[in-house]
Each structure stands twice: as C-alpha cells, then as structure tokens.
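Only one structure is covered here, and it is reproduced in the block below.
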Protein chains: 2
Amino acid sequence: MESPSLPSTRPSRVVVEAVSPLVDGGAFPAKATIGEPVTVLADVFADGHDQAAAALRVRHGEGAWREIPMEALGNDRFQATFAPDALGRWQYQVVGWLNHLGTWRHGMELKLEAGVDVSVDVQIGLGLLADADADADADADGGSGDDRTILDRLRAQLAAGDDGALRRRPPHTEEAGDGYVPDQDDVEPAEHGLDAFDQLFWRTGRRAPSATLASPVNIDIDPELARFSAWYEFFPRSTIAPQQPPGTLAEAVDRLDVVAAMGFDVVYLPPVHPIGTTHRKGRNNATTPEPDDVGSPWAIGAPEGGHLAVHPDLGTVEDIDALAAACTQRGLTLAMDIAFQCTPDHPWVTEHPQWFAHRPDGTIQYAENPPKKYQDIYPLDFESEDWAALWQGLADVIRFWIGHGVTVFRVDNPHTKAFAFWEWATAHIRTDHPEVIFLAEAFTRPRVMERLAKVGFNQSYTYFTWRQSWWELRQYFEDLSTRTVDYFRPNAWPNTPDILTEQLQSGDPAMFASRALLAATLSPSWGVYGPAFELLEHLPIRPGAEEYLDSEKYQLRQWPPEHPHHLGPLLTALNGIRRQHAALAHLRTLRFHETDNEAILCYSKTDPAGAGLPILVVANLDAGQVQEATVDVDLRPLGVPYESDYAVVDQLTGQRAHWHGAHNWVRLDPALAPGHIFTVEAS
Amino acid sequence: MESPSLPSTRPSRVVVEAVSPLVDGGAFPAKATIGEPVTVLADVFADGHDQAAAALRVRHGEGAWREIPMEALGNDRFQATFAPDALGRWQYQVVGWLNHLGTWRHGMELKLEAGVDVSVDVQIGLGLLADADADADADADGGSGDDRTILDRLRAQLAAGDDGALRRRPPHTEEAGDGYVPDQDDVEPAEHGLDAFDQLFWRTGRRAPSATLASPVNIDIDPELARFSAWYEFFPRSTIAPQQPPGTLAEAVDRLDVVAAMGFDVVYLPPVHPIGTTHRKGRNNATTPEPDDVGSPWAIGAPEGGHLAVHPDLGTVEDIDALAAACTQRGLTLAMDIAFQCTPDHPWVTEHPQWFAHRPDGTIQYAENPPKKYQDIYPLDFESEDWAALWQGLADVIRFWIGHGVTVFRVDNPHTKAFAFWEWATAHIRTDHPEVIFLAEAFTRPRVMERLAKVGFNQSYTYFTWRQSWWELRQYFEDLSTRTVDYFRPNAWPNTPDILTEQLQSGDPAMFASRALLAATLSPSWGVYGPAFELLEHLPIRPGAEEYLDSEKYQLRQWPPEHPHHLGPLLTALNGIRRQHAALAHLRTLRFHETDNEAILCYSKTDPAGAGLPILVVANLDAGQVQEATVDVDLRPLGVPYESDYAVVDQLTGQRAHWHGAHNWVRLDPALAPGHIFTVEAS
C-alpha cells in the first residue's frame, strides 16, 4: 500500500455520514412522490466540542440548488424536510460546517451566567462576526432582511459593552437601535429548531472548509398515483350479463362508471394484442384446444400483429386512445399490460429471429420449467448478439402506447428479463415521461423483487396474497415499511387471475372482506381482479391448485350482474375511506400494536404531513367466528397523551367509542364487518 | 435529466450486491486480524431461473488476486471464507456470472428423471462444454487435474449417448474411459457446497459478461493483539512497598513479571514525558500546588522536552527501548500514551506558536469547558494555517516511539483532534508498520467514537464502565457484536485512573470480581488500571464524583504489596481461561440467553474457526446476595442438539454439571465466585 499523501488543502473538521434516504449506498435513486414531505437525515459532527451546523441542498434535474437548514435531533443526527414540486430526477446533498458563532454564543451564555469576565470572548466574537459573510443571505432560503446590517448593529452593541445583546433577539434593521428589549414571550419562534440568532449565524457564518457527501444522492419524484392507488383489473373480452361476450374495448367504456363508482383509480386490462394460434391453450389451460377457444391474452402475437397491435375482436389502437380518454374523464387512469414474450406466430419471430434463442436443431427455444415445456411461448433472448436493437424495440413498444394515452404499465414477469434492460428502459422513458408508472408483476425471490424496484419500477406486486396469519402479515409489512421503504412500493392484491389462494376458495364473503380490508389499509396501493372478486368467484381448477376454474385467461366469461353478497359496497367504502384519510396513503408511518388474540391484527398509520387524523385498524383475521381482544395501543405515534381519553370513530359504520389509555377491548363479528377502521380523535 | 444512452457492451444479466463486511458503503476498510476466518457474504443473482455462480477474489496489497468459490446459502445469498495470512491492507471483490452449465445440468437431471427426450439438450450441453474455457484452471484455486481433458471425455461420453454421465463423478484423467461407475458413497465430497461437477463447471464455465462490485472492498488485517488483548495500566512513578517512590522506568521492569504472571498481554504506561510547571495541578487536582507536587503526566512539556523526551525522574529514552524489550521477553507488549496536548512550558509553544490558537489579547487559547478553564493545557489548533506541518510533527512523534520499540499506542482524547488527521496519520504509519495498534481513549458521543474506529483506530474504549444492569449490558454488547462489529473493537475496562464508578465505590470485592468477569468475557479486549484494581482502591475524591481520592494522576503512591481480598488470583484465572478458550477471543459470536432473574446475565461465545469449545457465561450482577435463576439456553448456536444431555464445566472451579435441554437452574453466591464460565461439552 502506498503511503497516503497529505491532502492538498486542509480538510474540514466536520464529517457528514449516514444519510437517509439512501438506496444501496447511492447506487440507485430513492423514491418519493410529488408534494410528499421528504425527510432527509444525516449524522453531522466534528471532533471536540465545537457545534456543527448543517444544510440540506435539493435540486430538480440540473436546476439550481435550494438550501434548507437542518435541525439537530441530538446525538449528532440532523434532519430537514422538503416537498418536491416537480416530477422526475431530484438530488440532495448535505453540507456540514463548524458553527463557530454558535459555539462562541453558547460559551458566552455559560460564562455570563457564571459571572466570568468575557472581555476577551467579546473580542473573539467580534472577530467571528467580522468574518461572517453577509453575502450569504443572497443564497439562503428565507433570509430575513439585510443580514449585513444586522451583524453590524450586533457588533456595535457588543463593542459598546452590551453583553446582553445575545440574550435578546437580533437587532433587526427596522428596530435596531431603539433600545427595545422584548420580554420572553416576544422571542421569535424557532424555525427548523433554530432561533433567530441560530438562523442569522446559519446564514452568515463562515463555512469553509465545509464537508459534503462524496456525491449528491438521487431521488426520483413520481406522481402521487405511484404511491397511492387502487387498481381494478378486468378482461374486456368478458362481459356482464345480459351483454353477450366477446366484449370490446368500446364496450369496456361502459364498465368504467362502475369501477369509478367503487372508488378505484386505475383500470388495468390484460394484454389486448392479437393472440397466437400455434400451441394455443384451450379452456382450463388444456393443451388440446377446441376450434372456438380464444387463447390466453398473454400469448401475444399473430399474423394480425404483435405488441403494437390490438386484437381485432377487441377493436383498434384508436379504441385505446378513446378508452384512455374515457378513463381520464372519470378520474381513472388506464393501465396496460406489458408482457414481453411472443407466440410462434408473432411478427418478431420472422422479422427479428435473432431476438430469440435457437436450439441446436434449428428450432426456437420455447419457455421451459424443466421438465415442463411451454411451447406456445418464445421468451426473448437477452443474451442475443442483437441485444441493443431488442432493447430499443421493447422500449419502442412502451413509447408507442404512451403515444396512445397510456401512462401506467403493469409489467408481466419483469424478472425474466435482464435487470440492466429495465434500468435503462425505465430511465429512458422517464426522461421524457416522468409521469409514467411501472408496476412489476414479479412473484419471485425477495432479492429479485427488490432489485426490480431499485432499477426503476414504481410499484411491485407483493407476497401479501399468501401472508395470512397475524405474524406473517406483521413481519412482512414491518419489513416493507422500514428496510425497503425508500424504493419498494407494495401493491397488495387479494386475488389475481393467476392466484386464488386457499383462504378464498371457501367462498366465504367474510374472508373476502377481511382480505380486502387488509390490502386496502396495510398498503397504500392495492388492487382486485374483478368482477371475480366482488362476485366471490372461488372454485379452483382442481383441489390444491391456486388457479381459477374456467379462468378468463383461457375463455370468455359472462358475469352475473348481481350477487347476494356482492362486495361492491365494501370496496366502495374502503376506497372512500382511503381517499378521505391521508394516513392510509402512506406506508412509512405504519405501526403494529399488540393484541392478546392472534385472530385480531391491530395497526395504525398517520399522515406524515400532520394534517389528517391518525387511523387505527383492528382487523379480524378469522372469517369463521366472533373474536374478542384487548388491544394494547402504543399511543405515542398516534399523538395521544399517556393515560388520556380519546375517541375512536369507525369509518365503516360511523360508530364512535370512547377509549382510555393503551388497553381497550374490541369485539369483531365477521358476519357484520371485517374489522374497525378507526379515526383517532381527541375526546 | 439526460436520457441514458445504451451501454457500449451488453451488461451481465447477473448482479452482485449487499456485500459484507462493508463499512459505510466502502468508504472505510473493514477490520480483521491475521489468521482470523473472514467470511464474505454477497447477494448474487440473475433475472429468470438461470443459476448464478460466484467467486470471492482476495488479495494482499497490490498482489495477485486469489479466487475462492462462493457457496450458495439460499435466497440468492453466497458466502466464502478466507484467512488472511499477512498484515496490512487487503481487498476483496465478488464476481458473479451465469452458470449456464449448472442450469443445463439441473434441467437435464429433471428431464432424465421425467423420462423426457433429451437429445437436443445433449447437443446444447455439448455446445456449452465446447465453450468452456479449460484455461480457467490455471487461475482457479484448487484445480484438480487437466480440466480440458476431463471436459473432452465428458463430451465424448455424452456424444456417445451416455446420458448418465452427469450422474457419476466427472471422468478424471486417470480413470476416464475405464467404465468405472462409483456407488453413492464414492462420490467426491462437496467443497464450498459444490460437488465435483459444480467445481469443474465453476472452473471452466464461460463467465463473460460477468458482474462485479463497482470497486473492491478494503479490509485491514491487524495483528491478533488488536482483537484479543488483556491490558494492565500502571504509573511507573508509583511503587509497591517497600520500594519508595518515585519509581523509574528501569525499576518498572521488575513489575513486569507480576503483570505477566497475571496473564496480561499489554502493559500500558501513562505519558512518560516531562511535566509542565505553569499552572501545575496539585494533589487531588488542586489549583494551588505544593512545591513538591509532581503534576499530572498528561500535562506534557517542560524545558526538558516534550513528546519526544522522557521525564528525568523516570529515566531516558533508552529506558523505553529496554522496557519494550523486557516486555517482549515476557510475552508482553508495551503500550505508550499519546496525548497530543501541551503545557505552556512545552517546547512547541515557542518553536511552533502557529500550532496553537491565539486569543485577541495575544495569549494562547487554553483548554476550556465553559465556564471552566484549564489553563495548564494548550490544545493544538487543527485549524492552524500550518496544519500540514502540525500533522507531520504529530506523526513524527509516533514514528519516534516506534523507533524505540513501541508498537501499541493508547491515544488520549483522540476525539478532540481532527478526524482527517487520524485517518491520514494511522494510514501513513501503517504503510510501513502494519503491526502498530492504536487504542482510542474517547469517552464521548457514539457517532464520534464510531468515526474514530472507522478512520483507523484498531481498538476503542467503551461505555462498558457505566453499563451495569442486565439490559444495559445486553443492549450495548448486542450492538457492538452486530452493527459496528466490522470496524469497532471494544476494549472494556472496569476502572481507569479517571473512572471509579459508583458500583466500585463500595469497595466490595464481589463487585470488583463481577466487573472483571464481565469485562474479560464479554469483550475480547479488556483492561484494568492497577494496582488500584487488585487492591480494591475505591474512595472517591468527593461524594458523587468518579475520580479517585489521592489519585496517582496528581501524586506519587506507594501501594501495599498485599491485601486480604487481593484480586490477582481472579485476574490470573480470567486471563488464563481467555487464553485457553478461543471462543473468548471473538465478539461476533456473542449471543445472549434469557434468564428469569434480572440479576443474572447469561451469554455465550463460540470459536468461529470451530476448533475451540463453546463458552457459556452465567454472571451474577448482584455483589450483595446469592441469586438463583433458570437460564433458557438457546442451544443452536452452541451446537447442542435440541433436548439433549450435555455437560457444563466451570473453568473457574473445575466443577462439572450435567445439563439437559434449554432450561437449567443455577445458583450463584457472590462470596464464592462472580459467576460461571462454562465450557459446553458433549455429555
């Protein structure tokens, strides 16, 4: 090892470290949404006992840096919050410096208190104030008047022997020299934890040599919908009786009102492209299809076209424009499925044969899960020599649909495509379209799902579907709300066209309700596959399987318009409560509370902006019977004083109860409701 | 934001992330010691279902990289261990690639099992084997023969229709073609979790394009003493009766045998330099000294010299050479105190006035803790314009004493000197002297103490001295053994010349014993300030203070040679047990076990190399009375099967007990022993 040479200039005595949010040491951007308060934390400190001061700098794109004072939280931790007001790539940097003026002021105060002679200290202070760069107020945020003038007057006061000058508020321009001494209540309020002198010194104190992070940290600012969304998936080729299938995209417009009325934000359609015929699967995934079998929408590509075409039975590309516009009119957003795989009939197979792997016998490699073969699907070969054209071609598909009004993409199996492709493609698309949202449909290993979130997916499907007991749910959502919260945004689905969990196979409306309540309140984003969900569709293709019998994946369905236990009213209520209470739009403030009954899960959320009421959910995990519990509410995160009275108001029923302190009793009848969604209010 | 351009070459489908050990994202080196097994962990995975393979690469300094296969632990986590065999800076890198041969082999096995036609798969495999770069074995560790020949023979077997070839062991050169089919027991043992084919494919499979970390990770390899050490501090100017003070360095040689007999490794002397007279402190820190008061050894500098001189009453610089040599002869290591501060009489004050801050009245700034003044001490000014010369001057002090045989430095208040200085100085010294060890005596805020460890201190004083209840000790050592374990090495002291905790002020031998047992077994490094400790010195300077009455810091002492409760035998036993049982030399394997009595703390350690016996400590925190408890031993980390019988053998008494399962009963009488230090042995 070479001996380290001396630095060329004297390094700062201050260090900045342990910043947050930070994803993989800065290798990937953290995520936030427009208007969401972003809290940056950092350890900033120096050797010895000198005070450190710190500034958060933020900027949008290549724009100018804006500076915000950081508040000392104790133990060398500093904090500042900003609210990004534009979409796209932001950066933050933390600057730390020695607060010589603050250190001096603190020493002066202690010495004056002890009655020690401070004449030399006043001279030291005058020197520091002379150093103070009054020009700083031009750069600083919230400068209050002419700092140079204020500094001059403060120096004059001190030089005149007015030791008490530092105990009053700084001599502002308009009042300096009037001899006015405010009483205690007249002191300026602290801002960012800094009083008026702290602020003055923060703006004007000499900072050099200051310390920063080695490089700024990236944060991608997404639309609010990336964080807070309720998704509704349906197959437009199926219909609601009495309408006969096949349905069309034009007819799908008629279904939007129902979806909007239930309070959903995103309408997600499975792939709308032409479906291949080679090795087409029949009803219930049969390998021997009947001539009238319609095939799976995920078997993309036919002579009519591939990823840039619409299935002739569904309509035309222009119908997508119309559907997207119709969604917008109703406050909905249209989401399309991006499934990058091809049937043997896809135009790319002949146009770009080099995009597929070839076997030694000259055939194209079909999808496999040995020993199973999926000969209806050709995966794209991300090890192709022609990878660059492939990447561009795939990105062009996304750009094409953006050109037709689509801004949300649910990406099918992104984990079977190269991470580097997604990292490039999502950044590439976002350069021009920061409003676009990608949902990763990857049900795979944890590190793979997390990597997809890091490389650019705004939202991710989760294991929620299989997390059923109290400890599974609690452990999973504690992890999601802490370890991965800066980059992985969960989207929780009780069901999908591929996943009918064993719990739902009972068809018990109370179990469907319980799962909906959990998804809608644990996760800021959730979704259902309907109308299967509202209509309590629950028969599996065979015992022990998680696939639906007579799945819409392989056949047209005509759904009944009504059901004695139709879940529409519950979904409407859940989405309404979500929209009304900002706490439910966030994940970071999720806290679990103890109960003495494993069938009852209790958790709370608060609004990070502090405006909305705290929400306390008490969920019954047992659809079969009445459950009672004493919940042990941790009152601190809810802002409720220890041992005080407060009201809990059930937003599902409107019922109000008066609670006291931590321990309170609940009784939940699954025949009546899946749980309580309480607001917590001063009594 | 600019749109990202396509990569110039196709990126690997594999990613490498979440490596450990890693300090602050790689900003600082991790630490380990020579011969200590260093386990590197990494997440290595690709998109899709293809297998990833991984290699750990390590090198010393700028030397050649050595490659070690990494073992898959599940969930995409890989692990490999190496034992550094040289002091100084090492680096590691993790390389990941797609294991196409492994993926193919796995698919073949599943297909053969299912009886599916594999003819095309054999062709695919032959292609992959043809790609395999048999040259790889030149670089790889543990290559077994001529890989190219083995690959050729395997291809011949497969081409001849021998599908079963992959189920036997690879056709080694010496036996290939003999048609020998080994039975199950004859399969080569797995190494690094890889069987013989895995190893062959690991060595020969095509790796490009592979993935690595953005840059290698640094690890500093220290002497074992940096991790595992027992320190004994004494003031050489004091004496043991009947010898009269002042003692000298030459006489201190006589005391080494006693220290060595008690099993200590490091003899640490407070500063040995000339002591200033200006504002000298008298006995018991009096500001009005008597003419014969000797002053504090930390008040460094007099006309006789400063940091490069020895106090005339103690001897000469050559006496340090002799003392260091005498230590070495006894298996001890001499540690000197580095206290970078000066009295007004220090030569630097006149030679380098610019190294000190000056006040507006022309005087030099003395040390302050407002409103307290320490006018006997001038701190060095790390904001000096002449900082570069100051840094060099301070480093020269350390180099000077290295030149006189000193390799261990206990650094006084390093947290009042610039972090950047320590980072440069320790790296600078280590370039030529990787054997040197620095102990940081910083009793300050957590982030500051941790930063000092990051920038180059090998060991650090801790809060142990003030951690007394079971939960304080458990919480603190759980943190030390996990969060900061890769860079912060605790050195636990029950007492120091500055710290006589309230617990010890009772003078109760059982409390002294309890604190010694805890320090010696919780922390791989520990130390005592003696003979004050063995002699149960316990009177504070005044009620509520932590300073000793009649402290050696300010006066000479003549210690009695004997004491009815002399703790020498206990210290000897503790240090003996520590040397005999490797488990106690490590921190990372520390685990706490539940007990049903808060007065009894139970914890275990194991030898990471797997050679030594597990140690289970049951410590009585209550010096006042007999305590009983049922301990709930977590048997897994001790390697004891669930619900089995095992023996625990108390290394303090030799007594053996037979335990069964997790729950066992203990009874501890503080009059007899401070606790059990059990080895855990098969019954």
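So the values come out like this:
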| quantity | calculated |
| --- | --- |
| Percent breakdown of C-alpha pair distances by 5 Å bin, ordered from the shortest bin, for the range B:453-532 | 3, 15, 26, 26, 16, 9, 4, 1 |
| Over chain B: helical MRE at 222 nm, DSSP H runs n ≥ 4 each giving -39500 (n - 2.57), nearest 500 | -7500 deg cm²/dmol |
| Label point 7 Å beyond Cα along the C-beta direction, distances from B:Pro446 to other copies (nm, shortest first) | 2.3 |
| Percent carbon-and-sulfur accessible area, the range B:591-682, ignoring ligands, DNA and RNA, probe 1.4 Å | 48 percent |
| DSSP-assigned coil residues among GluC sites (Glu not before Pro) in the range A:593-664, each with at most 15 further Cβ atoms within 10 Å | A:Glu598, A:Glu643 |
| Per residue value of the accessible surface for the protein assembly as shown (all protein chains in place, 1.4 Å probe), Å² | 39 Å² |
| For the range B:393-502, alpha-carbon Rg and Dmax in angstrom | 14.8, 45 |
| Cα convex hull of the range A:506-625, projected area averaged across orientations, nm² | 9.2 nm² |
| Å³ per residue enclosed by the Cα convex hull of the range B:238-320 | 116 Å³ |
| Per residue Cα convex hull volume in Å³ - calculated over the range B:276-316 | 71 Å³ |
| Average beta carbon contacts from partner chains per residue of B:411-420, 10 Å cutoff | 4 |
| Shielding by partners - mean other protein chain Cβ count within 10 Å, residues of B:119-131 | 2 |
| Alpha-carbon Rg/Rh ratio, for the protein assembly as shown, with Rh computed the Kirkwood way | 1.00 |
| Calculated over the range A:591-682: convex hull of Cα atoms, volume per residue (Å³) | 84 Å³ |
| Whole-angstrom gap from the range B:1-20 to the range A:359-411, using each part's C-alpha centre | 19 Å |
| Diffusion constant of the range A:29-91 at 10 °C, which comes from Stokes-Einstein with the Kirkwood Cα-pair radius and 1.306 mPa s, µm²/s | 124 µm²/s |
| Value of D in µm² per second that Stokes-Einstein yields for chain B, Kirkwood Rh from Cα pairs, at 20 °C (1.002 mPa s) | 75 µm²/s |
| Cα principal axis extents for the range A:201-243, largest first, Å | 77, 23, 8 |
| Heavy-atom accessible area order for A:Trp298, B:Trp422, largest first, 1.4 Å probe | A:Trp298, B:Trp422 |
| Within 10 Å of each Cβ in A:4-15, the average number of Cβ atoms from other chains | 6 |
| Paired Rg and Dmax values of the range A:14-136, which use every Cα atom, in angstrom | 18.0, 56 |
| Quarter of Cα convex hull surface for the range B:309-356, i.e. mean projection, nm² | 4.2 nm² |
| Isotropic mean projected area of the C-alpha convex hull, the range B:540-579 (nm²) | 4.6 nm² |
| Residues of the range B:54-80 buried by at least 50 Å² on assembly (accessible area, 1.4 Å probe, chain alone as reference) | B:Asn75, B:Asp76 |
| Relative compactness, the range A:341-383, computed as alpha-carbon Rg over 2.2 N^0.38 Å | 1.07 |
| ³J(HN,Hα) computed for each position of the range B:400-407 - Karplus, 6.51 cos²θ - 1.76 cosθ + 1.60, integer Hz, glycine/proline x | 4, 6, 4, x, 10, x, 8, 10 |
| Under 28 Å from the Cα of B:Lys417 - lysines, other chains or at least 8 residues apart | A:Lys111, B:Lys31, B:Lys281, B:Lys372, B:Lys373, B:Lys454, B:Lys553 |
| Equivalent ellipsoid semi-axes - Cα gyration tensor, the range A:323-402, angstrom | 31, 16, 10 |
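The values are calculated or read from the model by the stated rules, or taken from the named source; none is laboratory data. Predicted model, so just to flag it, every value in this text is computed and none were measured. Here the Cβ is made from the backbone with ideal geometry for all residues, glycine too, and neighbour counts use every protein chain on show. These area figures cover heavy atoms from the full protein model, side chains too; ligands, DNA and RNA do not enter into them. Shrake-Rupley method; radii C 1.70, N 1.55, O 1.52, S 1.80 Å.
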